[in-house]
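Heads up: the structure comes next, in structure tokens.
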Amino acid sequence: MIRKIVVVEDDQPTLDLMDILLKKLGYEPVLITNGLDALANVRSEPPALILLDIMMSPLSGWEFLENLRAENNLREIPVILFTASPMVPGQMAALHDPKLGILQKPVTFDELKTTIRHFLE
């Protein structure tokens, strides 16, 4: 069974790279460029995991995560924050969310593989 991973990222070159890497790892990437469209997609077809950029508009990654965790049928979906911001690890730690991980941009193929497998296997 191929597992779907939603990638929420507003940078097209990063989306293109994640598409290639996730397919190489055997996952089905669903690429979405903003948090509002991603919420609608996740509500209709919950994925196995979400890779989430933080710095987006009109809905930031933090706002997306807050909305996701507020919905009973979606709150258990693992989310990996995908960011270049050095502030995110501290903000993330304050949430005490065991279904939440982080990848610092730029990410290597091995880091991506290891982090995804941690949450899905």
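Taken together, the values in this text are just the output of simple stated rules run on the coordinates, not laboratory data. Because the structure is predicted, anything quoted here is derived from the model rather than measured. Reconstructed Cβ throughout: ideal geometry from the backbone, glycine too, with neighbour counts over all protein chains shown.
Please list, by residue number, every one of the trypsin sites (Lys or Arg not before Pro) in the stretch 38-81 that is coil in DSSP and has at most 16 other beta-carbon atoms within 10 Å.
Taking the stretch 38-81 and a limit of 16 other Cβ atoms within 10 Å, the loop trypsin sites (Lys or Arg not before Pro) found are ARG75.
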Requested in this report: Tell me which label goes with the value of Cα Rg over 2.2 N^0.38 Å computed from the coordinates here: (i) 1.78; (ii) 1.23; (iii) 0.95.
Outcome: (iii)
Report task. Using R₀ = 25 Å, calculate the FRET efficiency as 1/(1 + (r/R₀)^6) where r is the Cβ-Cβ separation of SER57 and ASP110; round to 0.05. Result -> 0.20
Query raised in the report: Which three semi-axes in whole Å describe the equivalent ellipsoid of the stretch 17-64, each the square root of 5 times a Cα gyration tensor eigenvalue, listed largest first?
Result: 20, 13, 8
